[in-house]
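Remarks on the structure that follows.
The values are calculated or read from the model by the stated rules, or taken from the named source; none is laboratory data. As the structure is a computational prediction, the values presented were derived from the model and not from experiment. Ideal geometry is used to build each Cβ from the backbone, glycine not excepted, and the neighbour counts take in all protein chains shown. Side chains are part of the model used for accessible areas, which takes the heavy atoms of the whole protein and leaves out ligands, DNA and RNA. Shrake-Rupley method; radii C 1.70, N 1.55, O 1.52, S 1.80 Å.
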Amino acid sequence: MMRRVSLTVLTGLMAAGLMVAPVEAATPGRTEFEILMNGKPVGRHIVTVSKNADTTLVRVAIDMAGRVGPISFTYRHRCEEAWMGDQLASLNCTDQENRSVKTVTANRKGNALEVNGTGFKGNLPASLLPSSWWRASTINQTNLIDSRDGKLSKVRVSRVGDDVINVAGTNVRAGHYRMRGAVNTDLWYDASGRWVRTAFKIAGQSFDYRKLTPVAGSPRE
């Protein structure tokens, strides 16, 4: 186990064939996951996508609390994304693990994102995606902006195959992808590009996302 519980990559991470091509604007909706640590519930991860004129607005909320042996932890992540079509226009995130706080803001200026984060300050390519996982095109990336602190995260993604996942009482066929980087993360998206599951390990602890909301009402690209 960890000397300090480190959960900071939680924000952070198509098909057929389930490869899903990016489209001009995301479909609004809400998805909610129960987060399990070693099979026990420790929190929720909620993504809400809405439209305001030509802008797609995304709000991400993660809350966790639990114990690993004698050590307790709390984790809170809040992030707002604004998109113009499939291009990130702005990012504003705050991440708190126990008493450690990280932040990042980013704003698009021409072909660059001006990033001001705890982990990075400077310009990054405007084509990058944040590590919030809800967009299916995450699996097509080789670099992501870390939604916790603005660092550039190098990733390598491979397709594992197709799995059937039970979502709110309904079996859903989803493409299974394995992301390798700072933390090894498995991601699942259905044929429409909706995010339906995530699993990973940190410091020997296993985390699994169980989707609580029906697939039909979930956001997608």
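List of remarks:
- Per residue solvent-accessible surface (Å²) - the chain, probe of 1.4 Å: 45
- For L113, the residues whose modelled amide H falls within less than 5 Å of its own, excluding neighbours fewer than 5 places apart on the same chain, are L124, A126.
- Charging the Cβ of each Asp and Glu at -1 and of each Lys and Arg at +1, and nothing else, the dipole of the stretch 131-193 about its Cα centre rounds to 260 debye.
- Furthest towards positive pole of dipole, W83, A182, P28, structure part the chain, Cβ charges: A182
- Working note: Karplus 6.51/-1.76/1.60 with θ = phi - 60° gives the stretch 186-196 the couplings 9, 10, 10, 9, 7, 5, 8, x, 8, 6, 10 Hz, where Gly and Pro are set to x.
- The share of accessible area on the chain that comes from carbon and sulfur is 47 percent, using a 1.4 angstrom probe.
- The chain - convex hull of alpha carbons, volume per residue in Å³: 105
- For the pair the stretch 58-105 / the stretch 171-199, the C-alpha centres are spaced 20 Å from each other.
- In order along the stretch 174-184, the phi-based Karplus estimate (6.51 cos²θ - 1.76 cosθ + 1.60, θ = phi - 60°) of 3J(HN,Hα) comes to 9, x, 9, 10, 10, 9, 10, x, 4, 10, 7 Hz; Gly and Pro are listed as x.
- Listed by chain and number, the aspartates and glutamates placed with their C-alpha closer than 13 angstrom to that of K40 are D208; residues fewer than eight positions away on the same chain are left out.
- Alpha-carbon Rg with Dmax, taken over the stretch 101-221, Å: 15.5, 45
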